[in-house]
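The values are calculated or read from the model by the stated rules, or taken from the named source; none is laboratory data. Because the structure is predicted, anything quoted here is derived from the model rather than measured. In this analysis, Cβ positions are derived from the backbone assuming ideal geometry, glycine residues included, and neighbour counts consider all displayed protein chains. Accessible surface areas use protein heavy atoms only, side chains included; no ligands, DNA or RNA. Shrake-Rupley method; radii C 1.70, N 1.55, O 1.52, S 1.80 Å.
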Amino acid sequence: MARKKAFKLKLKKKTVYAIFGLAFLLTGIFLLLTFINRTESTIPINDKLHEKFGSLAILFPPVLLFFGFLFLRLKIYLSRLNVTVGYLVIFVSLLGLTQGGAIGAEISSILEGILT
């Protein structure tokens, strides 16, 4: 019996970037809304963000928004690679310095082990 070939989905490079960009943008907007609109459905997500990032959780959604802008390749200043990477470096540095949440405590313990 002849074996059927699996269905292959061939997408253009631009299409894949657009899908990832929209996913990052929508996720970032949704996470921002969890801070603004505290309803029964958004409280668990907000609590999880605070558990992972501590008081710096409000700075995490812009990371996703910047990655969304970067993948969409929009002609605006915020879609540049240096803006996205710079914001990410500052965010991770602040997490380690403030030991914010579980991720910040882990970053801080890694740096402590390296420096001592």
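Couple of notes before you dig in:
- Accessible area (Å², per residue) of region 4-92, counting only protein heavy atoms and a probe of 1.4 Å: 72 Å²
- Here's the list of lysines a cross-link from Lys14 could span, going by alpha-carbon distance under 21 Å and ignoring same-chain residues fewer than 8 apart: Lys75.
- Here the chain has 69 percent of its accessible surface on carbon and sulfur atoms, given a 1.4 Å probe and all protein chains in place.
- Stretchable slack from Gln99 to Leu59, in nm (0.36 nm times residue separation minus alpha-carbon distance): 13.0 nm
- Estimated distance in nm for a label pair at Ser41 and Ala6, the labels positioned 7 Å out from Cα along Cα-to-Cβ: 3.4 nm
- Dipole magnitude for the chain: about 1360 debye, using +1 per Lys or Arg Cβ and -1 per Asp or Glu Cβ, origin at the Cα centre.
- 0 to 90° range, to nearest 10: angle between helix 81-98 axis and the chain longest Cα axis: 40 degrees
- For Kirkwood radius over Cα pairs in Å, calculated from these coordinates, the label among [x] 13.8; [y] 16.9; [z] 16.3: [z]
- Structural descriptor for the chain: relative contact order 25 percent, calculated from alpha carbon pairs under 8 angstrom and at least 6 residues apart.
- Excluding exposed DSSP-loop trypsin sites (Lys or Arg not before Pro) (at most 16 other C-beta within 10 Å), longest clean stretch of the chain: 81-116
- Over the chain, dividing the summed -39,500 (n - 2.57) contributions of all DSSP H runs of at least 4 residues by the number of residues returns a 222 nm mean residue ellipticity of -23000 deg cm²/dmol.
- Against the chain, whose longest principal axis comes from its Cα atoms, helix 43-53 is set at around 70 degrees.
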